[in-house]
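Just below is one structure, and these are the notes that go with it.
The values are calculated or read from the model by the stated rules, or taken from the named source; none is laboratory data. Because the structure is predicted, anything quoted here is derived from the model rather than measured. Methodologically, a virtual Cβ is constructed for each residue, glycine included, from the backbone with ideal geometry; neighbour enumeration extends over all protein chains shown. What goes into the accessible areas is simple: the full protein's heavy atoms, side chains included, and nothing from ligands, DNA or RNA. Shrake-Rupley method; radii C 1.70, N 1.55, O 1.52, S 1.80 Å.
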Amino acid sequence: DLVRSRGLGDVYKRQIRDTKEIALKGELAGITITIRAIDADEWQEARARAIKINAKGEPTVDNMALSSSLMAIGCVNPNFRDPAVLGGVTVPTEFVKAKFKPGEIEFIANKIMQHSGYGEEAVDTAKK
């Protein structure tokens, strides 16, 4: 299958709080992954990794770096921090960027953010 062809191999599920399975789309249609909500510290960690200094010396957020960090932190199965999943790659975000298309990374990162309380779904829940 496509997950194996991308070198993700067999991975083990971990028990982590507040998980949710999501179905992938496009070339990855039919495959589900398990995500979890991230906490405030993990959000800060991902955002700090994504801040770059532009040519004017001003800090900017690299959206792809932010999304790949969120994916590396928020995916439970496959767990992109597990050396068995990473193979010889030592940086989870580099693995994510090498194995997934930019749109796939954004899709999964957005699902993690929604599951973590960001977005319209969170506002609707708060109103109830």
Among the residues listed as Val91, Val76, Val123, the single one being aliphatic (A, V, I, L, M), over 14 Å from the mean Cα position of the chain (by Cα) and modelled with pLDDT under 95: Val123
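Out of curiosity, is Lys128 at pLDDT below 90 and open to solvent by 30 Å² or more (accessible area, probe 1.4 Å)? Walk me through it before giving the result.
Numbers: at pLDDT below 90: yes; open to solvent by 30 Å² or more (accessible area, probe 1.4 Å): yes.
So Lys128 fits the description; yes.
Do the conditions hold for Ile53, that is, is it surrounded by fewer than 19 Cβ atoms within 10 Å (Cβ to Cβ), modelled with pLDDT of 90 or more, over 14 Å from His115 (Cβ atoms) and among the hydrophobic types (A, V, I, L, M, F, W, C)?
On the way: surrounded by fewer than 19 Cβ atoms within 10 Å (Cβ to Cβ): yes; modelled with pLDDT of 90 or more: yes; over 14 Å from His115 (Cβ atoms): yes; among the hydrophobic types (A, V, I, L, M, F, W, C): yes.
For Ile53, the condition - surrounded by fewer than 19 Cβ atoms within 10 Å (Cβ to Cβ), modelled with pLDDT of 90 or more, over 14 Å from His115 (Cβ atoms) and among the hydrophobic types (A, V, I, L, M, F, W, C) - is met.
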Cβ-Cβ under 7 Å pairs, at least 6 apart or on other chains, the stretch 54-72 side without any contact (Cβ under 8 Å) to a residue 40 or more places away in the chain, far side open to solvent by less than 10 Å² (accessible area, probe 1.4 Å): Val61/Ala50; Asp62/Ala50; Ala65/Ala50; Ser69/Ala46; Ser69/Ala50; Ala72/Phe80; Ala72/Val96
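Here are Ala65, Ala84: which of them is assigned to a helix (DSSP H, G or I) and in contact with a Ser or Thr (Cβ under 9 Å, 6 or more places away or on another chain)?
On the way: Ala84 fails: in contact with a Ser or Thr (Cβ under 9 Å, 6 or more places away or on another chain).
None of the other options fit; the residue is Ala65.
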Every residue from the stretch 87-111 that is part of a helix (DSSP H, G or I) and of a type in the set (Lys, Arg): Lys97, Lys99, Lys111
Residue that is nearest to Asp18 (Cα to Cα), among those in the stretch 68-112 that are surrounded by fewer than 18 Cβ atoms within 10 Å (Cβ to Cβ) and of a type in the set (A, V, I, L, M, F, W, C): Ala84
